[in-house]
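Read the structure below first, then the notes.
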Amino acid sequence: MDRLDFSRLSVRSFYGSARSGLALDLGPGLTVVIGPNGQGKTTLARALHGALWPETVRAFRPSYDARFTVSGSDCGEAWDVAVEAGEARYARDGVAADRPALPDASYRNRYLLSLSDLVADDGQAFAEAVRRDAAGGVDLGAARAALGYRAAAPRAL
């Protein structure tokens, strides 16, 4: 397998998640999901892993669908997976099929990066882009400097 790209993920339910009905359309390249606690970031990551390795999320009794493309040397194949309670049904190019050839589930943690992995010292430009996006696209440091903002000394209560 040369490359695998997810294009869609729709989560109906995932045990342990307060959120249901999550949907995510994905484009090519890197996708970073950010947001406050309890909004479904971990659920989405678990569902993506479960689309490839459903046995790893069986205990969560998930219900979700995903679409991904496996690109090989000749052409890409579109795959759909429907997971109910950890049991997966796959279809390749719209026709029911056995699970595609994927790396063993023991390698799955190689495909998940945490924010700390992404903003390590050697990734300062990426870290700054994440900080700016988390602040609504505003470079807070530049805005503080342009406005001459100085933090007030804390007041004793």
Test: residue in segment 37-55 that is over 21 Å from PRO100 (Cβ atoms), at pLDDT below 85, over 12 Å from the mean Cα position of the chain (by Cα) and surrounded by 13 or more Cβ atoms within 10 Å (Cβ to Cβ): yes
Criterion violated by ALA59 - all others in (1) surrounded by 13 or more Cβ atoms within 10 Å (Cβ to Cβ); (2) outside any loop (DSSP other than H, G, I, E, B) satisfied: (1)
Conditions (1) farther than 20 Å from ALA96 by Cα; (2) touching a Gly at 6+ places or on another chain (Cβ under 6 Å); number of the one not met by THR69: (1)
Qualifying position, being out of contact with any helix residue (DSSP H, G or I) (no Cβ under 7 Å at 6 or more places or on another chain), at pLDDT 85 or above and either of a type in the set (D, E, K, R) or assigned to a strand (DSSP E or B) (or both), among ASP65, ASP74: ASP65
Qualifying positions in segment 131-157 - modelled with pLDDT of 70 or more, in a helix (DSSP H, G or I) and aliphatic (A, V, I, L, M): LEU140, ALA142, ALA143, ALA145, ALA146, LEU147
So SER114, is it hydroxyl-bearing (Ser, Thr, Tyr), at pLDDT below 75, closer than 25 Å to VAL32 by Cβ and loosely packed, with under 14 Cβ neighbours inside 10 Å: yes
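The values are calculated or read from the model by the stated rules, or taken from the named source; none is laboratory data. Just so it is clear, the structure is predicted and the values come from calculations on it, not from any experiment. Note: ideal-geometry Cβ built from the backbone for every residue, glycine included; neighbour counts use all protein chains shown.
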